[in-house]
Amino acid sequence: MSTLGEIEQLQNEKTRLEEESHTLDEELNKLETRLKILDEKVAIQELKNENAAKKETISQLESKIGLLETRLEKLLAGNALKKEDAAANENAANQQDMKETNEASEEKQEKDEETIMVTALDGEEDISENFEAEQEKEKHELFF
């Protein structure tokens, strides 16, 4: 029986090893499945992180775009105001020029009037002197 006992012992060991192999296969399948699951979870988390980073970049770019658009609108509005101010300043300058031109014209006219008056007065003096000289002549002629 020793052979029979040895055969039985070998069969028992074979059965035990087959069971162990089956258990190990199950464990291997579980671990492979778990590996696939974890691999997918890691890939998903990496995509989530990449998407979050992209969303953050998009948000920052949109924010910068909004600020630049606002700044541009203010600059355009400022340019419009500057153009209006420039037009107003130009109008004011034109009015000032016209005022100065009118004042200069008035001053010139006053000078011309003074010149005419002085000339007229000078002429009157000449006339008066001539008139007096003529009267003197006439007096002398009457006496002679």
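The values are calculated or read from the model by the stated rules, or taken from the named source; none is laboratory data. Only a predicted model underlies this, so the values are computations on that prediction, with no experimental measurement involved. Every residue, glycine as well, gets a Cβ built from its backbone with ideal geometry; the counts of neighbours run over all protein chains shown. Side chains included, ligands, DNA and RNA excluded: accessible areas come from the protein's heavy atoms. Shrake-Rupley method; radii C 1.70, N 1.55, O 1.52, S 1.80 Å.
Along segment 39-50 the Karplus relation, 6.51 cos²θ - 1.76 cosθ + 1.60 evaluated at θ = phi - 60°, assigns HN-Hα couplings of 4, 5, 4, 5, 4, 4, 5, 4, 5, 4, 5, 4 Hz to successive residues, with x for each Gly and Pro.
Within the assembled protein chains, the solvent-accessible surface assigned to Thr57 is about 70 Å², based on a 1.4 Å probe. Placing unit charges on the Cβ atoms of the charged side chains and taking the dipole of segment 1-44 about its Cα centre, the candidate lying farthest along the positive direction among Gln9, Ile44, Leu28 is Ile44.
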